[in-house]
Amino acid sequence: MAISSTFSAAKLDSLLMNYCSSSSASFSGAYFPYQQQMKVFPRPNHGNKDVVSRNGGVRCEAAEFNAALGPQKIGPSKASALSALQQLKTSAADRYTKERSSIVVIGLSVHTAPVEMREKLAIPEAEMPRAIGELCGLNHIEEAAILSTCNRMEIYVVALSQHRGVKEATEWMSKTSGIPVSEICEHRFLLYNKDATQHLFEVSAGLDSLVLGEGQILAQVRQVVKAGEGVLGFGRNISGLFKHAITVGKRVRTETNIAAGAVSVSSAAVELAFMKLPESSHTTARMLVVGAGKMGKLVIKHLVAKGCAKMVVVNRSEEKVAAIREEMKGVEIIYRPFTDMLACSAEADVIFTSTASETPLFLKEHVKDLPPVSSEVGCLRLFIDISVPRNVGSCVTDVEGARVYNVDDLKEVVAANKEDRLRKAMEAQAIITEELKQFEAWRDSLETVPTIKKLRAYADRIRLAELEKCLSKMGENIPKKTRKAVDDLSRGIVNKLLHGPMQHLRCDGNDSRTLNEALENMNALNRMFGLESDLSLVEQKIRAKVEQSQK
């Protein structure tokens, strides 16, 4: 299958001619510089899953090209250069025309990147549509979604070319965050197709969370779907992936006991605070919660469960605090506005922060003048910051009498009960494996869609050509009614002829036998009607994106 010279050869010639005057090794570094930077991080508890593309290898046809040159007199060095040029043109063409669109995840999580980096990459929920639009505006990215939480920032894309898609997405991350590409590459992980799907299913099930089985991540996956509704780049593959991930997360929590006794980030934060406080002060320590959103509300609930009967909550409005107070009767919950935050901090021993602020609420200059806390709580004021971006600046650690903990410090809490957590994870993994097969079957069923479109277009081209011949023989003064009748007749014949083949190409992916038959029928129709010689859909999409970006 050839690709148009105006698209591929022209773009490749200038790069490839450099190769002809240099060694293969030097060209590899010049043409694929990004692969040298790429580093794949192993994921915990995922077994031996190297990142491997499902696509086949690159085809080289140097021999065929040299044979086609015929008896021309070409020197050995020039022949070698032309051979290398043709090989690389052919391999580039194959990557476009033979490569299936890939699901790729480019991610940084609590397992691979520090919070200082994750907070710079975080995308607020309100910015999701804009971010998806920018990603899908890149030449090799067709669909996109972003999962941005306190523990991870993961970009899921449908890439028309794996390497180029990863390169473009990583450069976009660098541009939006200000972090150099090399630094992102050092901490990112890359997963493709089946591995990417399995990863998201494990994330939704709570298996990849810092706190195994925590329920908030499922709500965050749901929010991605909600934010993507109506957004052009949140297409069939990505929306199907995330919706299936929600099904997996719900099923795992329903059919296993993974959520039984599971702790959330909020409960782990409370647990960490009580680990750092002297036991004698557990019921007397003065608690301050900054932010009454979902995370803040959970902090309050877990403090109450630990026996705290009084706490101060700082929030922008009193409405949420009043609702929490109504829900937790018998506990003294005192509301204070944000303007009183520093005054309230002066009277607190432990300060929990969980707001959506994109700038720190506490810096060194705010904390250094706070009065010291009593020896009953260890003479240390604790800041437990579970926000990303962080609400407490790292400079606060320099203040004597203050200790700062962020989400990365919660590992100390979740290290307990490791055996029990692993057993629960194994139960969940069996469900994920089953659901993974179903999703892959559904995605495979989409393979027949291009053939359906090509067959319809092929038949319609023939119909229109024959219709034109017929109408020309009937003369110029054909009544509109007659013209319409002939046109309808031609459409009816084509539709009836295509009905059988179309039925044998359609399947929903639930029945593996039916799916295999549909794929066999697709290959047979491609051969019979020469549909593979048409410009591939992947190439068409890439060309359209390149042309659009050049306008």
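Structure above, values below:
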quantity: Heavy-atom accessible area order for ILE258, ILE334, largest first, 1.4 Å probe; calculated: ILE334, ILE258
quantity: Stretchable slack from LEU471 to HIS282, in nm (0.36 nm times residue separation minus alpha-carbon distance); calculated: 58.9 nm
quantity: Per residue accessible area in Å² of segment 224-334, where ligands, DNA and RNA are left out and the probe is 1.4 Å; calculated: 47
quantity: Given charges at Cβ of Lys, Arg, Asp, Glu: segment 102-255 dipole, positive-most of SER209, ALA196, THR247; calculated: THR247
quantity: Cα-centred dipole magnitude for segment 349-483, charges only on beta-carbon of K, R (+1) and D, E (-1), debye, nearest 20; calculated: 1660
quantity: Rounded percent of accessible protein surface that carbon and sulfur make up, segment 265-415, 1.4 Å probe; calculated: 50
quantity: Calculated FRET value between ASN523 and ARG403, using beta carbons and R₀ = 60 Å, to 0.05; calculated: 0.40
quantity: Spin-label model distance (nm) - LYS453 vs GLU332, 7 Å beyond Cα toward Cβ; calculated: 6.7
quantity: Cα centroid of segment 463-495 to Cα centroid of segment 117-169, whole Å; calculated: 49
quantity: Debye, to nearest 20: dipole size of segment 265-415, +1 on Lys, Arg Cβ, -1 on Asp, Glu Cβ; calculated: 320
quantity: Filter on LYS243/LYS297; LYS294/LYS329; LYS411/LYS437 - keep pairs with C-alpha separation over 24 Å; calculated: LYS243/LYS297; LYS411/LYS437
quantity: Hz values of 3J(HN,Hα) by residue in segment 297-302 - Karplus curve (6.51, -1.76, 1.60), Gly and Pro given as x; calculated: 4, 5, 4, 4, 4, 6
quantity: Sorted peptide list for 472-483, 149-160, 166-177, criterion being average Cβ within 10 angstrom, highest first; calculated: 149-160, 166-177, 472-483
quantity: Net dipole in debye of segment 330-387 [+1 Lys, Arg Cβ; -1 Asp, Glu Cβ; about Cα centre; nearest 20]; calculated: 100
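The values are calculated or read from the model by the stated rules, or taken from the named source; none is laboratory data. Just so it is clear, the structure is predicted and the values come from calculations on it, not from any experiment. Neighbour counts run over all protein chains shown; Cβ positions are idealised from the backbone, glycine included. Just the protein is used for accessible areas: all its heavy atoms, side chains included, with ligands, DNA and RNA removed. Shrake-Rupley method; radii C 1.70, N 1.55, O 1.52, S 1.80 Å.
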